[in-house]
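The values are calculated or read from the model by the stated rules, or taken from the named source; none is laboratory data. Computed from a predicted model, the values in this text were never measured in an experiment. Because the Cβ atoms are built from the backbone with ideal geometry, glycine has one as well, and the counts that use them run over all protein chains shown. The area values use the complete protein model at the heavy-atom level, side chains included, leaving out ligands, DNA and RNA. Shrake-Rupley method; radii C 1.70, N 1.55, O 1.52, S 1.80 Å.
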Amino acid sequence: QSLLGVDQRAYNESKTNPGARFLQRREDCEYQVNSILEDLCKDSWPHKNDQRPARCSGAALNVAVSLLEATSRGHNGRILLFSGGPPTVGPGMVVSQEKKDTIRSHADILKGKVPHYHDALKYYAELGERAAAA
């Protein structure tokens, strides 16, 4: 929250909610959001054929929850995540970028052969608790 400038210190220094600068009413931004979604295309950032694209969905969700905590505490909120694959970078990573490391299956989880499972499970559980408390 401090990186976004929406922590308690910023709230105390401002007469208005500092996180409000990141949010708009749905009616005010619906056209722009629809235009962005319609114009989505394949990721143009190159990656090696033997690697998965870098996806930091866990960090993105953390930012979204932080914004909800700062701006909508005690009110209903919604976070939408549009993802084209598993998180491969940062907190919440469920598989490495190397394609030689296969995505886990249920059998792998039962056998304990999942290197990122427990860290990701803990991370998303804590994130879910924060979101539910916001």
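Residue by residue, here is whether (1) surrounded by 12 or more Cβ atoms within 10 Å (Cβ to Cβ); (2) touching a residue at least 60 places away in the same chain (Cβ under 8 Å); (3) not in a loop (DSSP other than H, G, I, E, B) holds:
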| position | (1), (2), (3) |
| --- | --- |
| Ser44 | no, no, no |
| Ser96 | yes, no, no |
| Thr102 | no, no, no |
| Leu127 | yes, yes, yes |
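Scanning segment 71-102 for residues that are in contact with a Gly (Cβ under 9 Å, 6 or more places away or on another chain) and at pLDDT below 85 gives Thr71, Ser72. In summary, Gly92 fulfils each of the numbered conditions (1) under 23 Å from Leu37 (Cα atoms); (2) open to solvent by less than 30 Å² (accessible area, probe 1.4 Å); (3) in a loop (DSSP other than H, G, I, E, B) with the single exception of condition (1).
Has segment 32-40 got any residue that is at pLDDT 70 or above, closer than 22 Å to Leu68 by Cα, more than 19 Å from the chain's Cα centre (by Cα) and surrounded by 10 or more Cβ atoms within 10 Å (Cβ to Cβ)? The answer is yes, given that some residue of segment 32-40 is at pLDDT 70 or above, closer than 22 Å to Leu68 by Cα, more than 19 Å from the chain's Cα centre (by Cα) and surrounded by 10 or more Cβ atoms within 10 Å (Cβ to Cβ).
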